[in-house]
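J.: Sharing a structure, written as structure tokens. Questions coming.
The values are calculated or read from the model by the stated rules, or taken from the named source; none is laboratory data. Bear in mind the structure is a predicted one, so any value in this text is a computation, not a measurement. For neighbour counting, all protein chains shown are included, and Cβ atoms are generated from backbone atoms with ideal geometry for every residue, glycine included. Protein only, heavy atoms only, side chains kept; ligands, DNA and RNA dropped before computing areas. Shrake-Rupley method; radii C 1.70, N 1.55, O 1.52, S 1.80 Å.
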Number of protein chains: 2
Amino acid sequence: MNKTPTIRQFLLTLACLASSIAHAGGVPEGMGVLPAAVPAPANNPTTPDRVALGKKLFFEPALSKSGHFSCNSCHNLATWGVDNQKFSIGHKWQRGGRNAPTVLNAAFWSKQFWDGRAPLLEDQAKGPPLNPVEMALDSEANAISRLTEAGYTPLFDKVFGKNSLNYDNIAKAIAAFERTLTTPNAPFDRVVRGDGNISAAARRGMMKVEDIGCTSCHSGPLFTNNEFVKFDYGQDHGLKSVTGKADDEHVFRVQSWRNVAMTAPYFHDGSAKTLEEAVATMARIQLDTQLSHRDITDIVAFLETLTGEAPKIELPVLPRPAGHALPWKD
Amino acid sequence: MNKTPTIRQFLLTLACLASSIAHAGGVPEGMGVLPAAVPAPANNPTTPDRVALGKKLFFEPALSKSGHFSCNSCHNLATWGVDNQKFSIGHKWQRGGRNAPTVLNAAFWSKQFWDGRAPLLEDQAKGPPLNPVEMALDSEANAISRLTEAGYTPLFDKVFGKNSLNYDNIAKAIAAFERTLTTPNAPFDRVVRGDGNISAAARRGMMKVEDIGCTSCHSGPLFTNNEFVKFDYGQDHGLKSVTGKADDEHVFRVQSWRNVAMTAPYFHDGSAKTLEEAVATMARIQLDTQLSHRDITDIVAFLETLTGEAPKIELPVLPRPAGHALPWKD
């Protein structure tokens with residue numbers, strides 16, 4: 001029997017859990033510990049062999065035309081799953097149009113990308129290698145030939161069966177690895193569990209985000225309701241660029257606050273260089289609230305308690321053909 | 001007492017060791033196991049705290065103007081300390097002029113860079129951050145301000161003492177980390193130790209490199225005599241670009257064969273895409289020898305036995321200022 005929970009099971013468990021731990025550690029109802037169980041689709045259980053292969057692929061520069069970029073270039077696991085750039089650097093020094101979100105805890109989001117255009121991590125992983133301003137491979141076939149030449153065929157055969165080096169399985173393995181990238185034991189989580197404390201300022205901030213209504217969207221243990229909400233800021237069309245619907249203009253997925261202190265700069269356009277600025281802007285635009293300097297610093301102090309433990313990653317050793325250069329292109 | 005051997009002590013030990021293991025496992029005199037002890041300068045012992053700090057710095061993109069490149073970008077530890085590029089990609093997609101050598105076992109070389117312009121790893125490490133076509137920082141002060149802003153001050157204070165975040169100590173920490181990057185237990189090493197075997201082709205190749213004289217330069221357990229030798233190939237001036245002496249035209253440091261099968265493409269200009277091509281060219285130009293196809297494949301089979309175990313690296317978590325973007329520049 002497959003023990004990996006489906007997303008539906010997972011969300012139900014999460015709801016029960018959230019209600020059972022309400023008020024633990026003096027924490028507002030709904031807030032709670034980062035879940036330990038990570039949901040996975042039924043057709044891609046998070047098995048150790050998929051995770052190990054996915055880790056190699058996550059660090060694999062052969063998935064970029066130039067041989068320079070891997071997933072880890074923009075979602076750097078040494079820096080909390082981001083590159084701290086406003087817009088990431090891509091093929092031939094092009095820049096993307098949206099701030100790269102962290103991969104940490106991304107397994108918990110109901111949809112991927114700022115505009116939610118990918119339902120699952122498996123779908124998301126298929127995007128960047130073929131995006132001409134990112135990794136810029138010509139085609140799925142190009143990804144497969146690159147990995148074949150690098151020596152991945154036996155690794156895929158072992159994990160997915162014979163003749164299984166295909167684009168779907170590349171994405172599945174990467175997604176399986178990404179499902180291991182969670183960040184437990186934030187100071188806030190310790191408070192909820194009753195084995196730690198946070199500063200008075202952070203406690204004030206925790207109550208303030210509840211009082212003024214931030215948590216109507218940034219709700220639950222993930223500090224996101226995983227919904228899509230209008231954020232009328234900047235020129236980016238957001239969800240409308242996917243659906244074409246006028247109602248979806250400037251609509252974006254609600255971002256989690258988990259590890260937010262480590263993922264500057266902020267917003268879909270990376271325009272807010274500090275968390276103070278991001279907090280003040282969100283309160284003003286979304287809640288029509290002018291926060292005082294003290295409120296802002298209190299809220300930031302609280303957000304800093306949501307930084308968990310970064311996953312421990314042993315750098316993989318990637319397959320390479322003995323004595324042969326790989327066919328990088330400019 | 002400092003137990004780290006000096007380079008002089010180390011070379012003496014190496015000479016004794018080489019003579020004592022001559023002919024072990026049917027191996028030609030002089031060849032031997034990769035040394036276990038790594039030399040270090042007296043003023044930079046390879047202590048665990050220097051290594052840990054150096055590992056962070058090795059992966060630190062804040063040491064590049066754009067915030068995109070770290071040491072690991074070109075000397076990728078997931079791919080045998082190289083990027084498999086002809087010339088590495090640098091700031092704003094510029095390309096360097098020489099093939100990036102591996103950092104693996106680099107602690108054993110008597111001088112660093114193809115032209116040997118850096119006597120020690122400490123000297124080498126100071127180059128790329130300030131090289132305008134590589135990481136492109138404006139100045140040493142810029143490196144220091146970047147690391148200060150990222151939050152490195154207490155880490156340096158702990159390792160090197162108060163007010164120690166300076167360019168010399170950045171280089172020292174990186175060099176200390178690099179001294180841990182050795183690759184023991186190659187199939188060849190197991191043969192010498194009598195606990196393994198290599199193919200008949202590899203054995204023929206091992207005798208052939210001795211017969212035709214490759215090992216007059218690629219000598220000893222490191223398969224380099226660490227000397228400078230004329231290689232009249234291409235337009236690169238080599239050592240002459242450092243000394244200005246006519247005699248040093250096209251003179252380069254003899255490269256080690258350790259892990260050579262994993263570091264394609266080859267030569268200072270990365271022009272040889274395969275090890276077969278590199279072997280044939282070297283024999284022709286350096287030894288005036290036309291090798292047969294069989295000799296080439298035998299020699300390549302031998303060189304493949306020199307691939308050791310890649311070092312196990314846990315990816316560091318880099319210091320970052322809570323809630324603040326770092327000042328990357330284009």
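J.: Yes or no: A:Glu134 modelled with pLDDT of 95 or more, acidic (Asp, Glu) and outside any loop (DSSP other than H, G, I, E, B)? Spell out the reasoning first.
T.: Working: modelled with pLDDT of 95 or more: yes; acidic (Asp, Glu): yes; outside any loop (DSSP other than H, G, I, E, B): no.
The answer is no for A:Glu134.
J.: Among the candidates B:Ile285, B:Ile296, which residue alone is out of contact with any Gly (no Cβ under 8 Å at 6 or more places or on another chain), crowded, with 18+ Cβ neighbours inside 10 Å and of a type in the set (A, V, I, L, M)? Give the steps one after another, and end with the answer.
T.: Working: B:Ile285 fails: crowded, with 18+ Cβ neighbours inside 10 Å.
Step by step, each of B:Ile285, B:Ile296 is checked, and only B:Ile296 is out of contact with any Gly (no Cβ under 8 Å at 6 or more places or on another chain), crowded, with 18+ Cβ neighbours inside 10 Å and of a type in the set (A, V, I, L, M).
J.: So which of A:Thr274, A:Thr263, A:Thr289, A:Thr305 ends up being hydroxyl-bearing (Ser, Thr, Tyr) and under 18 Å from the mean Cα position of the chain (by Cα)? Please lay out each step first, then the result.
T.: Working: A:Thr274 fails: under 18 Å from the mean Cα position of the chain (by Cα); A:Thr289 fails: under 18 Å from the mean Cα position of the chain (by Cα); A:Thr305 fails: under 18 Å from the mean Cα position of the chain (by Cα).
Residue meeting the stated conditions: A:Thr263.
J.: Taking B:Phe188, is it within 22 Å of B:Asp295 (Cβ to Cβ) and outside any loop (DSSP other than H, G, I, E, B)? Break it down into steps so the answer makes sense when it comes.
T.: Values: within 22 Å of B:Asp295 (Cβ to Cβ): yes; outside any loop (DSSP other than H, G, I, E, B): yes.
So B:Phe188 passes the test.
J.: Got a number for residues in region A:237-256 being in contact with an Asp or Glu (Cβ under 9 Å, 6 or more places away or on another chain), part of a loop (DSSP other than H, G, I, E, B) and over 15 Å from A:Pro119 (Cα atoms)?
T.: So the answer is 3.
J.: What number goes with the only condition from (1) of a type in the set (A, V, I, L, M, F, W, C); (2) more than 13 Å from chain A (Cβ to nearest Cβ); (3) at negative phi that B:Ala78 does not pass?
T.: (2)
J.: Given the structure, is A:Glu134 within 14 Å of chain B (Cβ to nearest Cβ) and either in contact (Cβ under 8 Å) with a residue 40 or more places away in the chain or in contact with a strand residue (DSSP E or B) (Cβ under 8 Å, 6 or more places away or on another chain) (or both)? Explain how you work it out, then say what you get.
T.: On the way: within 14 Å of chain B (Cβ to nearest Cβ): yes; either in contact (Cβ under 8 Å) with a residue 40 or more places away in the chain or in contact with a strand residue (DSSP E or B) (Cβ under 8 Å, 6 or more places away or on another chain) (or both): yes.
In short, yes.
J.: Okay, moving on. Can you name the number of the only condition in (1) outside any loop (DSSP other than H, G, I, E, B); (2) out of contact with any His (no Cβ under 6 Å at 6 or more places or on another chain) that A:Leu318 fails?
T.: Every condition holds for A:Leu318 apart from (1).
J.: Looking only at region A:300-330, which residues are open to solvent by 40 Å² or more (accessible area, probe 1.4 Å), within 30 Å of B:Gly323 (Cβ to Cβ) and at the interface with chain B (Cβ under 7 Å from one of its Cβ atoms)?
T.: A:Glu304, A:Lys312, A:Glu314
J.: Somewhere in region A:268-283, is a residue outside any loop (DSSP other than H, G, I, E, B) and more than 14 Å from chain B (Cβ to nearest Cβ)? Write out each step before concluding.
T.: Initial filter on region A:268-283 (outside any loop (DSSP other than H, G, I, E, B)): A:272, A:274-283.
Remaining after also requiring more than 14 Å from chain B (Cβ to nearest Cβ): A:283.
Within region A:268-283, one or more residues are outside any loop (DSSP other than H, G, I, E, B) and more than 14 Å from chain B (Cβ to nearest Cβ).
J.: Looking at region B:97-131 only, could you name the residues that are small (Gly, Ala, Ser), at negative phi, away from chain A (no Cβ under 13 Å) and touching a residue at least 24 places away in the same chain (Cβ under 8 Å)?
T.: Within region B:97-131, the first condition is being small (Gly, Ala, Ser), and the residues that meet it are B:97, B:100, B:106-107, B:110, B:116, B:118, B:125, B:127.
Narrowing the set further to residues that are at negative phi leaves B:97, B:100, B:106-107, B:110, B:118, B:125, B:127.
After this cut, where a residue has to be away from chain A (no Cβ under 13 Å) as well, the list is B:97, B:106-107, B:110, B:118, B:125, B:127.
B:Gly97, B:Ala106, B:Ala107, B:Ser110, B:Ala125 - these are the residues of region B:97-131 that are small (Gly, Ala, Ser), at negative phi, away from chain A (no Cβ under 13 Å) and touching a residue at least 24 places away in the same chain (Cβ under 8 Å).
J.: Then there is this: Specify the residue that is farthest from B:Asp49 (Cα to Cα); the eligible residues are those in region B:138-160 that are open to solvent by 40 Å² or more (accessible area, probe 1.4 Å) and in contact with a Pro (Cβ under 8 Å, 6 or more places away or on another chain).
T.: That would be B:Glu149.
J.: Right, another one. Yes or no: A:Thr243 open to solvent by less than 50 Å² (accessible area, probe 1.4 Å) and not small (Gly, Ala, Ser)?
T.: Details: open to solvent by less than 50 Å² (accessible area, probe 1.4 Å): no; not small (Gly, Ala, Ser): yes.
So A:Thr243 fails the test.
J.: If A:Val229 passes every condition in (1) open to solvent by 10 Å² or more (accessible area, probe 1.4 Å); (2) outside any strand (DSSP E or B) but one, which one does it miss?
T.: Unmet condition: (2).
J.: Next question, about the same structure. Filter region A:113-130 down to residues that are assigned to a loop (DSSP other than H, G, I, E, B) and surrounded by 16 or more Cβ atoms within 10 Å (Cβ to Cβ), then give me how many there are.
T.: First pass over region A:113-130, keeping only residues assigned to a loop (DSSP other than H, G, I, E, B): A:113-117, A:119-120, A:126.
Within this subset, residues satisfying the condition of being surrounded by 16 or more Cβ atoms within 10 Å (Cβ to Cβ) are A:113-117, A:120, A:126.
Here the count works out to 7.
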